[in-house]
Amino acid sequence: MAALQHVEFFDKAHFADRYHRKKPKQTLGKFIDFFWETDFDDLWQQHPQGFSDALFPNVGYTYLINLGTPFVMQLDEESFEMKSDGFLPRHKNIVCHHAAKNKIFGIKFIVSPQIFEKKINFSEYREYIFPLAYLIDRDIVAAVKAADSFAKRVEIISAYYNKMLEKHAGSLQYVHIVAKILEDCYEQNDFNKTVEELAQQYKVSTRTLQRYFEACTSISSKQALQIMRVRKAVAHLTEDPSTFHFSQYGYYDYSHFYKHVKQFLGPASFAKIRKQLVDDGKPYKNKMQTL
């Protein structure tokens with residue numbers, strides 16, 4: 001009997017076509033980027049031995065709720081078999097290895113509202129995948145798993161966290177400071193502000209502001225802003241290259257942007273994908289359009 005072969009493929013439409021995705025409404029949008037769910041039913045006929053999704057670094061973290069069979073998450077070079085739910089730090093390069101009947105619901109947090117109710121320092125959870133079951137009430141998770149649609153699952157989670165925000169309106173000002181900085185810098189394409197400038201703006205010390213960022217996002221303010229910067233720039237370049245210019249995102253020139261993109265695309269485990277996107281010695285603008 002021939003050995004089973006795990007298949008990896010590169011498809012720029014994959015995340016648009018094979019995932020449900022919905023952004024939250026109003027205030028919740030400062031804390032949650034989006035909700036998502038895999039939609040792989042017809043892919044198993046094309047790739048019965050499985051396939052892998054590559055995820056580039058992002059700010060915040062994702063809470064994964066397993067609705068199907070076990071799957072494998074790889075953070076840089078370390079792999080974790082996910083049989084149940086888990087907390088996924090998003091500042092690393094990630095590969096998710098899917099097998100038949102995998103189905104995953106995810107909440108992509110900027111800052112989890114749960115921080116209002118429990119004393120959590122997310123910098124303690126940035127290297128591995130942890131269960132962190134207390135991030136979501138177990139009854140809510142059970143309701144999510146029992147729901148019959150992605151829309152219903154989004155409705156359940158949105159109601160849960162909106163109620164939490166209403167309950168704690170005005171409390172834990174440091175959470176609001178971090179959320180506001182991330183929101184403003186993203187909207188204004190202002191990713192080069194130093195921690196000293198930001199600390200002065202919010203009338204706290206630089207050390208205090210760094211503690212705020214690490215507690216809320218698990219990483220420093222500089223790392224968070226630079227991840228947001230390169231993600232937004234790459235998305236713009238790939239979606240509408242005719243209107244892209246490096247200066248829109250604070251890069252000095254194309255070589256500066258190129259260097260940042262290479263760092264963003266990650267270590268040796270991403271070499272195959274990186275080769276398709278950025279190839280040393282060749283014009284990279286066209287290469288990047290395949291992302």
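The values are calculated or read from the model by the stated rules, or taken from the named source; none is laboratory data. Note that this is a predicted model, so its numbers are computed, not measured. Ideal geometry is used to build each Cβ from the backbone, glycine not excepted, and the neighbour counts take in all protein chains shown.
Descriptive notes on the structure:
- Odd one out for Phe246 among (1) touching a His at 6+ places or on another chain (Cβ under 8 Å); (2) within 24 Å of Asp33 (Cβ to Cβ): (2)
- Filtered residue count, region 165-178, keeping only those that are surrounded by fewer than 19 Cβ atoms within 10 Å (Cβ to Cβ) and assigned to a helix (DSSP H, G or I): 6
- Residue within region 98-109 that is touching a Phe, Trp or Tyr at 6+ places or on another chain (Cβ under 6 Å), surrounded by fewer than 19 Cβ atoms within 10 Å (Cβ to Cβ) and outside any strand (DSSP E or B) present: yes
- Residues that are β-branched (Val, Ile, Thr), without any contact (Cβ under 8 Å) to a residue 60 or more places away in the chain and out of contact with any Phe, Trp or Tyr (no Cβ under 7 Å at 6 or more places or on another chain) within region 218-232 are absent altogether.
- In region 74-90, residue surrounded by the fewest Cβ atoms within 10 Å (Cβ to Cβ) [restricted to those that are small (Gly, Ala, Ser) and assigned to a strand (DSSP E or B)]: Ser79
- Within region 155-194, the residues that satisfy the criterion of being modelled with pLDDT under 85 and of a type in the set (A, V, I, L, M, F, W, C) are Ala169, Leu172, Val175.
- Verdict on Lys108 being farther than 22 Å from Leu165 by Cβ and either free of Cβ contacts under 8 Å to residues at least 40 places away in the same chain or of a type outside the set (Val, Ile, Thr) (or both): no
- Considering region 184-216, and only residues there that are under 26 Å from Phe246 (Cβ atoms) and among the hydroxyl-bearing types (Ser, Thr, Tyr), the residue that is surrounded by the fewest Cβ atoms within 10 Å (Cβ to Cβ) turns out to be Thr194.
- Restricting attention to region 81-110, the residues that are among the acidic types (Asp, Glu) and either in contact with a helix residue (DSSP H, G or I) (Cβ under 6 Å, 6 or more places away or on another chain) or over 26 Å from Ser149 (Cβ atoms) (or both) add up to 1.
- Single match in Lys22, Lys30, Lys12 (criterion: under 23 Å from Thr217 (Cβ atoms) and modelled with pLDDT under 85): Lys30
- Evaluation of Tyr19 against (1) over 20 Å from His97 (Cα atoms); (2) in contact with a Ser or Thr (Cβ under 9 Å, 6 or more places away or on another chain) (one fails), failing number: (1)
- In the condition set (1) surrounded by fewer than 16 Cβ atoms within 10 Å (Cβ to Cβ); (2) modelled with pLDDT of 85 or more; (3) of a type outside the set (Phe, Trp, Tyr); (4) in contact with a helix residue (DSSP H, G or I) (Cβ under 7 Å, 6 or more places away or on another chain), Lys118 is compliant with all but (2).
- Filter result for Gln226 (crowded, with 17+ Cβ neighbours inside 10 Å and under 22 Å from Glu127 (Cα atoms)): yes
- Subset of region 34-73 (residues that are part of a strand (DSSP E or B), in contact (Cβ under 8 Å) with a residue 40 or more places away in the chain and not hydrophobic (A, V, I, L, M, F, W, C)): Glu37, Thr38, Ser52, Asp53, Tyr61, Thr62, Tyr63
- Summed over region 182-217, the residues that are of a type outside the set (Asp, Glu) and without any contact (Cβ under 8 Å) to a residue 40 or more places away in the chain give a count of 20.
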